[in-house]
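For reference, the structure discussed in these notes is given below.
Every read-out reported here was derived from the displayed coordinates using simple, explicitly stated rules and does not represent laboratory data. None of these values were measured; they are calculated from a predicted model. Cβ atoms come from the backbone with ideal geometry, glycine included; neighbour counts cover every protein chain shown.
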Amino acid sequence: MRVPRMIAVTLAGVAVLAPAAACSFDEPAPGKNPQAAPSPSASASPKPKPTHPFTGLPGAARRPVLAAKIENTSAGKPQLGLKSADIVYVEQVEAGLTRLMAIFSSKLPAKIGPVRSARISDLHILPQFGKPALAYSGVQTKMIPRVQEASLVDVSDSRAPGAYFRQPGRYAPYNLFANTRQLLAKAPGASKAGDIGFTFGEAPEGGVPRKAFSVKYPAARFTFAWSKEEEKWLIWQDGTKDMAAEGGQLGAPTIVVQYVKTDRSEYHDLNQSYTPMVHSVGKGKAVVLRDGQAFKAAWSRKSEEDGTVFTTEAGEPMNFAPGQVWVVLAAPKPVIP
């Protein structure tokens, strides 16, 4: 539970296969026993290097997982730390706006922000990461018991106040930032990165060349435009380049537009705007953007503790391009002309 304008989608309510070992043997000399030991020239194919389950990039280290709720309106931009995230989820919130949930593990930026409040959909997305640390600033009073019993380690500004600070030059509530190492210091029990269903590798057959792809929410529009030079999909929001506080435009090698059922939850904000509930368990359709192409795909997630598996229309693994992944949770209306 988001420049060129191309396709717009409006929200209503909001194996890797290890290479087989191969050996070669010299032909036996005349009169020699063909059962003799193989010559020194025999060799086995090198084992593939371990990769990170969130990005597919080299690295065997499995560090703790930190999730953070990040502001995503113009008042809170540019955001800090998103360029270092392994995964970024786009979720719809009240009034048709969007908020981000960034997942960090393989890389940890020193600071992140602006940190904002959590939503009910977060509690249903996070269990696939085990028991991650969650950085956020407040929740609706009615939702507090749900957070307390959720599969996460609470490192909010009320539980780990020393990790947070107000960033000069910004105004409240868009000036709350956090030191990531201090956050994780308060979450010794946070789960380490593991398999969440993603697969990385060569692109499958069947992609449609695309220069850009757009997703429209009631009060926000995202456009992902392919940059061959940077080998990533650069991000625009509401017709403006989405820039990072560290410098440069935000973008990722893989954008997943995951079409999910979205309806009203039992929660609402102070203006009585309902809080959308994004149903991330089940199955549905998706569009995967990588290498300048769009691929029709399907997703499935059996339970909240299971990861989300993406497959091609032929039922094969839908490989992502190695690197950061953005997962845009949208309404179930995929269109590729």
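Below is a table of values for the structure above.
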item	result
Rounded if a/c under 1.5, otherwise prolate or oblate - segment 208-330, Cα gyration tensor axes	oblate
Mean Cβ count within 10 Å, highest first, over the residues of peptides 128-141, 162-175	128-141, 162-175
Hits among aspartates and glutamates - C-alpha to C-alpha of K69 under 16 Å, sequence gap 8 or more where chains match	D86, E91, E94, D122, D154, D157
Set of lysines near K228 by C-alpha distance (under 28 Å), chain-local residues within fewer than 8 positions excluded	K49, K77, K83, K107, K211, K216, K241, K285, K296, K333
Tensor-based shape of segment 107-164 (alpha-carbon gyration tensor, a/c under 1.5 rounded, otherwise prolate or oblate)	oblate
